[in-house]
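Participant: Below is one structure. I have some questions about it.
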Amino acid sequence: MTDARWASLSDEELLSAIAKRDDAAFRELYERHAGWLILRMSRRFADQTVVDEVVQDTFLAVWRGAGRYAGRGEVAAWIWGIGIRRLVDRLRRSPRIPRLAPVGVEPSAEDRVLVGIEHGDLAGALERLSPELRAVIQATVLDGLTTGEAGRLLGVPQGTVKTRLMRARRELREALA
Amino acid sequence: MTTHLPAATIEKYAADALPYADASSVEAHVLACPACRRLVAGQVDQARLRAIWGELTDRVDEDRVRVPERWLRRLGTPAPVAKILVCTPSLRGSWLLGVVITLALAVLASRTTGGGDLPFLAVAPVLPVVGIAVSFGRAMDAAWEVGEATVTGGFPLLLIRAGAVLAACVSVTAVAAVVLPADGRGALAWLLPSLLLVVVTLVISTTRAAMPYVAATISAIWLCVVAIAAASPRTDALFGSGAQAITAALTLAAAGVLLSRRHAIESGTLR
Amino acid sequence: MSSLSLENVGKKFGSTPALAGVRLEVEPSVTGLLGPNGAGKTTLLRMAATVLAPDSGRIRILGRDPAHPHERVEIRRRLGYVPQEPGFYRNFTAFDFVDYVAVLKDIAERRRRHDEVRKVLDYVGLRDHAHQRIKALSGGMRQRLALAQALLGDPELLILDEATAGLDPEQRLRFREMISVLPQRPTVLISTHQTDDVSALCQRVVVLIAGTIRFDGTPAELAATASDRVWVDADRDERAAVSWRTSAGQFRHIGERPADAQSVTPTVDDAYLLLSGADISARSS
C-alpha cells in the first residue's frame, strides 16, 4: 500500500502534505501510525470495536487538523494526544466499563533488563502498586490526561483520581527512598 | 534511544503479556522510535488495519463533500438527487445570477414604466424555459453522452433537471413578485404560464428538434403573445382568472402528451 | 449468447450513409473495431451503447432489444461506455464526477456507491488524484477517468470509443493492461485506428471501411490476408498499391507482388493498409 514517494518523508513533512489535502501522504501516515495506536489503545480499553472507531476518529481528526500541528515534538506523541482524548470523549458519550489495568504478569529476565535501562528502580516500584493506583499513574503521568479526563477514562470521579494519584505518589516516593 | 526493542518483547506487548512497567517503557520507546513502531505495527492484523482504513477513507471523502451539495443534503434533498443538481449546468452560480438580474430589471420596469406588472409577467415565464434548455443536451452538458448511456439517462434525467431548474426559478421569481407594484394581478399570475411554457418546450423536444431552438422559439412566441395582449385594451385576456384556468388546462394536457412521449426522449432523440 | 448482434443495420446522417448493411455478432471477448476516420466506427459504437437508434435493421445488446424502453434500461444496467469525446465537468474532482455517473447508474445507497467509486478509481490508478479537479488532470489521467466511470457496477459489456487516442506508448501499454485483466471479464468492444492496440489486446478484429465490414476474424487471420502480398525493396515500386519508407531506409510495399520480389511476413498493419488502400484504389478507378 505504501507509495515510494512518501516513504522517505518525515512525519512532519507528511503532516504538511496532509494539510494540503494529499491523500497519499495521509495513507502513508496511517501506515506508519495506525498499528501502534491500535495496540496502545487496546491496552487502555478492551472493546475492539470501540478501539477501531476511536482510531478512525483519531485519524479523521488528524486529517482535519493536520494544519494545526505546529512542529512541537514527536508527531507520534501528538497523534497519541489526540487519540487518548478521543477515547475519553467516546467513553463520555457511551459509558462502558473500562479496563483498569493490564493483567499482572511476572516479568522475564530479558524484559527486566530493558526496563532497567529505561526506568531503573521505578519499574519495580510501579509493579508493586495496586492496579487502581497504577491505572491513575498511567492515565495522568504517561498518557498526559488531566485528572478529569483520567476519571472519565477510568470510570471514577475526578476526586477519586486525585486521591489515588496522591496515594500513588506517596507510595512511589516511599519505595524509591 | 540507542537500544531497539527485542522482537520477543514486542510480541509480548502485542499479546498484552508484559508487566505493567515494561509495557509502559515499550510505549515510551515506541513514541520516539519509527523503527520499533513499524515492528509493533507488524503485530496488528492486516485485515483489521485495512477495515479501519476503509471506514476512514469513507469518512474523509464525506468530509470533502463541497458546499452546495452539502447544503442541498442538509435541506433534505436525497444525496443522489443533490449530486445530479450540482451537476446541472444551468444551476451554476452564473446562471442563477442572470435570473436574478433579469428579474430585478423586470421588476424595475414594472415599477417605473406605466405598464404595471406586464414586463415582469412577460419575462418571468421565459426564464425556466431558457434554464432548462441550457441544462440539457449535447451542446450544453459536457458529460451528456456518458449520462445518456446510463439507467437514468433520457427522460428521468431530463425530469430531475427540469424540475430543479423550475424550482430554482420559481423560488427566485416568487421573491421578486413580492416587490411588484401593489396593483398587480396577484403575485402568482406568472406561475401557470411558466409551467405551460416549460411543458410545451419538453413536448416539442421529444420530436427530433434541438432543445435550445425549441426554447428560443417558444419564448419568442410567448413574448409576441404578451405584446399583442399589451396592445389590446384588456390584458386580462392573458392573465385574468379565466385565462389562468385555460392555462392550467393546457398545462395538464401538455403534461399528458409529455408522459405518453417519454420513451421518445429515452431513445436518444435529444441532441 | 452473443453480447451484441447487428442484423443488416443501416444509418444515414442527412443523405450521407454512415453504416450500410452491417452484420455483426460479438461474442464475449475483446474485439477491436479498426477503421479510418469517418468509417462509421463511432456510429456503430453509439448504437451498441444505446444512445443512437439505427434507421434500418435490428440490434440486440446482451440479448435484449434497445428499442424497447424496459429492455433498454436492462441493457444500460449492464453497460459501460466511454464515448469518443467523454466530456467532464472540469471544475469537479475526479471523485465527484465518477460519483455523479454512479448516481446516474442508479447505485443509490451512498456507502456502496462511494466504495464502488473508490474501487474504479483505484483500478485505473487515480486513487491519489481522486480529489483533484479534473481541469488539473493530464490528458492520460482523463482517459483513465473516462474508463473508471465506464467500469462502475462491473459492466458485462464495455464499449470504448478510441479510448487509447492521445496516449503516449507507455500509457497505452498500461491502458491495454487494465482492459485485458478486468476481473469480471466483460465483453469489450474497442475502436481504434492503431493496429498495435489490436495485435496486443484483441482476440478478434473487425475492419470497418466506409460504413461496411471488410474483415472479421482474429488479428493473425487479418495479417494472413496480406501474406504473399508484402515485399521490401531498396527503391519505391510503382506497382504496389501502398508503399512507404521504413526506418531501415527500405521501401515496404503492399499489393500484387511482382514475381521478382521476395515476399516478407505480413503484419496486422500491412493487412489493414492493404484493405483500406485497396479501397482507395477502388474509389479512384
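Participant: Give me a count of the residues in the stretch A:138-165 that are of a type in the set (S, T, N, Q) and assigned to a loop (DSSP other than H, G, I, E, B).
Facilitator: Residues in the stretch A:138-165 being of a type in the set (S, T, N, Q) and assigned to a loop (DSSP other than H, G, I, E, B): 1 in total.
Participant: Hey, can you tell me all the residues within the stretch B:42-81 that are more than 30 Å from A:GLU74 (Cβ to Cβ) and outside any loop (DSSP other than H, G, I, E, B)?
Facilitator: Result: B:VAL67, B:PRO68, B:GLU69, B:ARG70, B:TRP71, B:LEU72, B:ARG73, B:ARG74, B:ALA79, B:PRO80, B:VAL81.
Participant: Can you name the residue in the stretch C:108-126 that is touching a residue at least 12 places away in the same chain (Cβ under 8 Å) and of a type in the set (Lys, Arg) and, of all such residues, is surrounded by the fewest Cβ atoms within 10 Å (Cβ to Cβ)?
Facilitator: Only one residue fits best here, namely C:ARG118.
Participant: Now, a different point. Can you find a residue that is in contact with a Phe, Trp or Tyr (Cβ under 9 Å, 6 or more places away or on another chain), at pLDDT below 85 and closer than 22 Å to B:ASP22 by Cβ anywhere in the stretch A:147-167?
Facilitator: The answer is yes, given that some residue of the stretch A:147-167 is in contact with a Phe, Trp or Tyr (Cβ under 9 Å, 6 or more places away or on another chain), at pLDDT below 85 and closer than 22 Å to B:ASP22 by Cβ.
Participant: So which residues in the stretch C:163-187 are under 13 Å from C:TYR123 (Cβ atoms) and free of Cβ contacts under 8 Å to residues at least 40 places away in the same chain, if there are any at all?
Facilitator: C:PHE175, C:GLU177, C:VAL181, C:LEU182, C:PRO183, C:GLN184
Participant: Another question about this same structure. Across the stretch B:145-188, what is the number of residues that are in a loop (DSSP other than H, G, I, E, B), out of contact with any Ser or Thr (no Cβ under 8 Å at 6 or more places or on another chain), at pLDDT 80 or above and of a type in the set (A, V, I, L, M, F, W, C)?
Facilitator: Number of matching residues: 1.
Participant: Could you list, in sequence order, all residues of the stretch C:91-138 that are over 23 Å from the mean Cα position of the chain (by Cα), over 22 Å from B:ARG50 (Cβ atoms), within 7 Å of chain B (Cβ to nearest Cβ) and not in a helix (DSSP H, G or I)?
Facilitator: Passing the criteria: C:ASP106, C:ALA108.
Participant: In the stretch A:19-41, is there at least one residue being more than 8 Å from chain B (Cβ to nearest Cβ), among the small types (Gly, Ala, Ser) and under 17 Å from B:VAL40 (Cβ atoms)?
Facilitator: No, the conditions are met nowhere in the stretch A:19-41.
Participant: Shifting gears a bit: Just checking, does the stretch C:138-148 include any residue being polar (S, T, N, Q) and closer than 26 Å to C:LEU44 by Cα?
Facilitator: Yes, that holds for at least one residue.
Participant: Would you mind telling me which numbered condition in (1) of a type outside the set (Asp, Glu); (2) buried (at least 21 other Cβ atoms within 10 Å of the Cβ); (3) modelled with pLDDT of 85 or more B:GLN46 fails?
Facilitator: Checking B:GLN46 against (1) of a type outside the set (Asp, Glu); (2) buried (at least 21 other Cβ atoms within 10 Å of the Cβ); (3) modelled with pLDDT of 85 or more, the one that fails is (2).
Participant: Something else now. So which of B:VAL44, B:VAL81, B:VAL60 is under 48 Å from the mean Cα position of the chain (by Cα), in contact (Cβ under 8 Å) with a residue 24 or more places away in the chain, over 30 Å from A:SER130 (Cβ atoms) and at the interface with chain A (Cβ under 7 Å from one of its Cβ atoms)?
Facilitator: Answer to the selection: B:VAL44.
Participant: Further question: Just to check your reading of the model, which residue among B:GLY98, B:GLY76 is at positive phi and more than 14 Å from chain A (Cβ to nearest Cβ)?
Facilitator: B:GLY76 is the lone residue from the list that is at positive phi and more than 14 Å from chain A (Cβ to nearest Cβ).
Participant: Further question: Could you give me the residue pairs with C-beta distances under 6 Å whose first residue belongs to the stretch A:71-93 and is under 9 Å from A:VAL54 (Cβ atoms) and not assigned by TED's automatic domain parsing to the domain that holds A:PRO157, whose second residue is hydroxyl-bearing (Ser, Thr, Tyr) and in a helix (DSSP H, G or I) wherever it lies, and which are 6+ apart or on separate chains?
Facilitator: A:GLY83/A:THR58; A:ARG86/A:THR58
Participant: If you check B:ALA245, B:ALA249, B:ALA253, which single one turns out to be exposed (fewer than 13 other Cβ atoms within 10 Å of the Cβ), assigned by TED's automatic domain parsing to the domain that holds B:GLY131, at pLDDT 90 or above and assigned to a helix (DSSP H, G or I)?
Facilitator: The match here is B:ALA249.
Participant: Looking at the stretch C:22-59 only, could you name the residues that are in contact with a Gly (Cβ under 6 Å, 6 or more places away or on another chain) and outside any loop (DSSP other than H, G, I, E, B)?
Facilitator: The answer is C:LYS41, C:SER56, C:GLY57.
Participant: What number of residues in the stretch C:69-90 are more than 9 Å from chain B (Cβ to nearest Cβ) and not in a helix (DSSP H, G or I)?
Facilitator: Count: 1.
Participant: Using the structure shown, decide if B:VAL107 is within 21 Å of C:VAL117 (Cα to Cα), surrounded by 19 or more Cβ atoms within 10 Å (Cβ to Cβ) and either at pLDDT below 90 or not aromatic (Phe, Trp, Tyr) (or both).
Facilitator: Here the answer is no, as B:VAL107 does not meet what is asked.
Participant: Can you run down the residue pairs with Cβ atoms below 9 Å, 6 or more apart or on separate chains, where the first is in the stretch C:142-162 and more than 12 Å from chain B (Cβ to nearest Cβ) and over 9 Å from C:TYR81 (Cα atoms) and the partner is assigned to a strand (DSSP E or B) and of a type in the set (Gly, Ala, Ser)?
Facilitator: C:ASP154/C:GLY80; C:GLU156/C:GLY80; C:GLU162/C:SER191
Participant: Here's something else I'd like to know. Which one is surrounded by the most Cβ atoms within 10 Å (Cβ to Cβ) among residues in the stretch B:10-41 that are within 7 Å of chain A (Cβ to nearest Cβ) and outside any helix (DSSP H, G or I)?
Facilitator: Checked the stretch B:10-41; the qualifying residue surrounded by the most Cβ atoms within 10 Å (Cβ to Cβ) is B:LEU18.
Participant: Just to be sure, is C:LEU189 touching a strand residue (DSSP E or B) at 6+ places or on another chain (Cβ under 8 Å), in the same structural domain as C:GLY63 (by TED's automatic domain parsing) and closer than 19 Å to C:TYR272 by Cβ?
Facilitator: For C:LEU189, the condition - touching a strand residue (DSSP E or B) at 6+ places or on another chain (Cβ under 8 Å), in the same structural domain as C:GLY63 (by TED's automatic domain parsing) and closer than 19 Å to C:TYR272 by Cβ - is met.
Participant: Can you list the strands (runs of 3 or more DSSP E) lying wholly within the stretch C:202-255 that have 1 or more residues being in contact with a Ser or Thr (Cβ under 9 Å, 6 or more places away or on another chain) and of a type in the set (Gly, Ala, Ser)?
Facilitator: Output list reads C:212-217.
Participant: Within the stretch C:88-107, identify whether any single residue is touching a residue at least 60 places away in the same chain (Cβ under 8 Å) and of a type in the set (A, V, I, L, M, F, W, C), and answer yes or no.
Facilitator: no
Participant: Spot the failing condition for C:ASN8; the list is (1) touching a residue at least 40 places away in the same chain (Cβ under 8 Å); (2) surrounded by 15 or more Cβ atoms within 10 Å (Cβ to Cβ), and only one is missed.
Facilitator: All conditions are met except number (2).
The values are calculated or read from the model by the stated rules, or taken from the named source; none is laboratory data. What you are looking at is a predicted structure, and each value in this text was computed from that prediction instead of being measured. Because the Cβ atoms are built from the backbone with ideal geometry, glycine has one as well, and the counts that use them run over all protein chains shown.
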